[in-house]
1. Could you check, for region 42-49, whether at least one of its residues is out of contact with any helix residue (DSSP H, G or I) (no Cβ under 9 Å at 6 or more places or on another chain) and not β-branched (Val, Ile, Thr)?
2. Go through region 268-284 and give me each residue that's surrounded by fewer than 21 Cβ atoms within 10 Å (Cβ to Cβ) and in contact (Cβ under 8 Å) with a residue 40 or more places away in the chain.
3. Tell me, which residue of region 138-157 that is outside any helix (DSSP H, G or I) and of a type in the set (S, T, N, Q) is farthest from Glu214 (Cα to Cα)?
4. Only one residue in Arg198, Arg206 is without any contact (Cβ under 8 Å) to a residue 60 or more places away in the chain, basic (Lys, Arg) and closer than 18 Å to Tyr263 by Cβ. Which one?
5. Applying the selection to region 226-245, what residues are crowded, with 17+ Cβ neighbours inside 10 Å and of a type in the set (A, V, I, L, M, F, W, C)?
6. Only one residue in Lys135, Lys181 is at pLDDT 75 or above, under 25 Å from Lys247 (Cα atoms) and not in a helix (DSSP H, G or I), so which one is that?
7. Check Gly231, Gly223, Gly257 and return the single one that is among the small types (Gly, Ala, Ser) and without any contact (Cβ under 8 Å) to a residue 12 or more places away in the chain.
8. Among the numbered criteria (1) among the charged types (D, E, K, R); (2) in contact with a strand residue (DSSP E or B) (Cβ under 9 Å, 6 or more places away or on another chain); (3) assigned to a loop (DSSP other than H, G, I, E, B), which one does Asp306 miss?
Amino acid sequence: MEGLINIEGEGYIKVFSELKDKIKKAQIKASLAVNTELIKLYWEMGKVISEKQKQYNWGSKFIEKLANDLQNEFPGMKGFSYRNIKYIKQFYKSYQSVTIGQAVLAQLPWYHNIALLDKLKNNQERLWYAQQAVKNGWSRNVLVHQIESALYHRQVISEKTTNFKITLPQPQSDLAHELLKDSYTFGFLSMEEDVKERELQKQLVRHIRKFLLELGAGFAFVGEQYHLNGGDEDYYLDLLFYHVKLKCYIVIELKSGKFKPEYAGKLNFYLSVIDDTLKGKDDNKSIGILLCKLKNKITVEYSLKDISKLMGISEYKLTNSVPEELRSSLPSIADIEAELEKK
């Protein structure tokens with residue numbers, strides 16, 4: 001009995017907390033393991049279904065009967081509906097010739113995989129979105145939102161205008177290039193196309209969670225209209241962020257019209273002040289992103305040619321540009337926003 005006297009003390013609380021953490025970690029590992037095994041099971045099922053259906057020349061009645069028999073045999077298990085069995089077959093058929101990437105797909109919940117099958121036709125795009133979803137911990141709704149906003153084409157396919165490669169060694173230049181998109185979509189804002197810069201800035205800050213989602217992983221918001229003292233004058237940055245992966249400050253300037261060469265010079269000045277006054281000894285050089293309504297590629301390239309600071313120029317859009325064939329099958333922005341608000 002003497003050993004039980006102090007079980008409510010600080011020592012017990014520490015022991016309980018330690019065990020609780022271990023249990024939570026074990027639960028996460030177990031859930032991940034269960035999910036991986038489920039995806040592997042579906043893969044094997046899809047393989048058998050596809051091969052035997054072809055071998056015996058069975059039609060859709062085969063899948064219908066199989067679904068009914070499996071549901072009767074395993075009444076406590078979900079996933080054996082006629083609709084899901086068709087997805088299981090599609091899952092195998094879509095990726096049977098893809099060896100690289102199957103491990104990534106196994107890390108995603110099944111409904112993420114269904115979204116990739118439903119919304120995309122190209123395996124290269126599917127696997128890219130799968131990798132991003134695993135890397136950034138996207139929920140299914142966030143994954144669908146990124147597909148709807150054509151993130152792959154804006155971040156990977158499109159040609160970006162930066163001076164990263166001539167001002168940074170690899171792999172830093174690749175990491176910096178990866179964070180920039182050719183265009184940013186602010187479809188979550190209800191604003192006119194001719195919106196003024198200050199109002200656009202206010203609305204982006206007001207919707208900062210959705211803005212961070214559009215910017216991508218790693219951005220931490222520092223402030224708006226961030227004050228700088230450049231000699232005997234005061235200057236104010238539109239938006240200031242810190243990127244935790246690149247370990248550097250990122251200045252975002254907004255321009256409601258077409259890009260002009262003098263914008264690059266002013267942003268270069270801001271970056272010089274940030275590097276001299278705010279950057280710590282362990283921080284990397286700051287990066288500037290100029291968001292314009294329109295840009296001319298040749299003008300931008302000449303403007304960045306002799307700029308010493310790291311800089312990229314992108315366009316922004318206030319409405320989503322989604323291929324017609326995707327638009328009807330994807331949830332609306334309102335649906336996604338409602339889901340994001342629950343988190």
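The values are calculated or read from the model by the stated rules, or taken from the named source; none is laboratory data. Everything numeric here is computed off the predicted structure, so don't read it as measured data. Heads up, the Cβs are rebuilt from the backbone with ideal geometry, glycines too, and the neighbour counts pull from every protein chain shown.
1. no
2. Selection gives Asn268, Val273, Thr277, Asn284.
3. This residue is Ser139.
4. Within the list Arg198, Arg206, the selection yields Arg198.
5. Leu228, Leu237, Leu239, Leu240, Phe241
6. Criteria check complete, one pass: Lys181.
7. On inspection, the qualifying residue turns out to be Gly231.
8. With (1) among the charged types (D, E, K, R); (2) in contact with a strand residue (DSSP E or B) (Cβ under 9 Å, 6 or more places away or on another chain); (3) assigned to a loop (DSSP other than H, G, I, E, B) applied to Asp306, the lone miss is (2).
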